[in-house]
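Just below is one structure, and these are the notes that go with it.
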Amino acid sequence: MGQRTVRTYTGSCHCGAVRFQIESDFPELTTCDCSICRRKNALMVKVHESRFKLLAGEESLTLYQFHTHTARHYFCRTCGIYPFHRKRLAPESYGINVLCLDDFDPAGIPVRMTVGAGLP
Ligand SMILES: [Zn+2]
């Protein structure tokens, strides 16, 4: 497998109200065992905020916060899909739900299991 190149992807929630765009070379995907990710069964990629653009649907996003109230978990108020969140340990970055990306194939990208459950 060669070096992956940086590509631009668009993504959306299920009903299409929330649309966004990211750039990434997808060095890895992550899952997380924290209380919310476990329930979402999310497969994520981390992108810096400079590589994230919300194209539409700001008014459709509902913010959910818990525990330390640092991470900002967004989901669509209409269809309930989680498209991305602001990370707690890297607040300048977004965790993107890659399964919301258009025409994205996760095959061949290493998946790392991150541990969120034990965080204080
Ligand atoms: Zn939606």
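The values are calculated or read from the model by the stated rules, or taken from the named source; none is laboratory data. In this text the structure is predicted, and so the values were computed from the model without any measurement. Using ideal geometry, Cβ is built from the backbone for each residue, glycine included, and neighbour counts are taken over all protein chains shown.
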Name the residues in the range 30-67 that are in a loop (DSSP other than H, G, I, E, B) and surrounded by 12 or more Cβ atoms within 10 Å (Cβ to Cβ), would you? 33, 34, 42, 43, 57, 65, 67
Of the residues in the range 81-120, those that are free of Cβ contacts under 8 Å to residues at least 12 places away in the same chain and more than 19 Å from residue 33 (Cβ to Cβ) come to 105, 107
Can you give me the number of residues within the range 80-91 that are modelled with pLDDT of 90 or more and assigned to a loop (DSSP other than H, G, I, E, B)? 4
What pairs can you find where one residue is in the range 54-66 and under 13 Å from residue 16 (Cβ atoms), the other is surrounded by 15 or more Cβ atoms within 10 Å (Cβ to Cβ) and aliphatic (A, V, I, L, M), and their Cβ atoms are less than 6 Å apart, with a gap of 6+ or different chains? 57/17; 57/18; 60/17; 60/18
Restricting the search to the range 68-112, which residues are surrounded by fewer than 10 Cβ atoms within 10 Å (Cβ to Cβ) and touching an Asp or Glu at 6+ places or on another chain (Cβ under 7 Å)? 92
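Every residue, every condition in (1) at pLDDT 95 or above; (2) closer than 21 Å to residue 114 by Cα, yes or no:
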| residue | (1), (2) |
| --- | --- |
| 11 | yes, no |
| 15 | yes, no |
| 21 | yes, no |
| 33 | no, yes |
| 37 | no, yes |
| 47 | yes, yes |
| 78 | yes, no |
| 93 | no, yes |
Which of the residues belonging to the range 13-34 are within 19 Å of residue 76 (Cα to Cα), away from the ligand (no atom under 16 Å from the Cβ) and either out of contact with any helix residue (DSSP H, G or I) (no Cβ under 8 Å at 6 or more places or on another chain) or charged (D, E, K, R) (or both)? 21
When the residues of the range 67-102 are filtered to those that are touching a helix residue (DSSP H, G or I) at 6+ places or on another chain (Cβ under 7 Å) and closer than 14 Å to residue 20 by Cα, which remaining residue is farthest from the ligand (Cβ to nearest atom)? 94
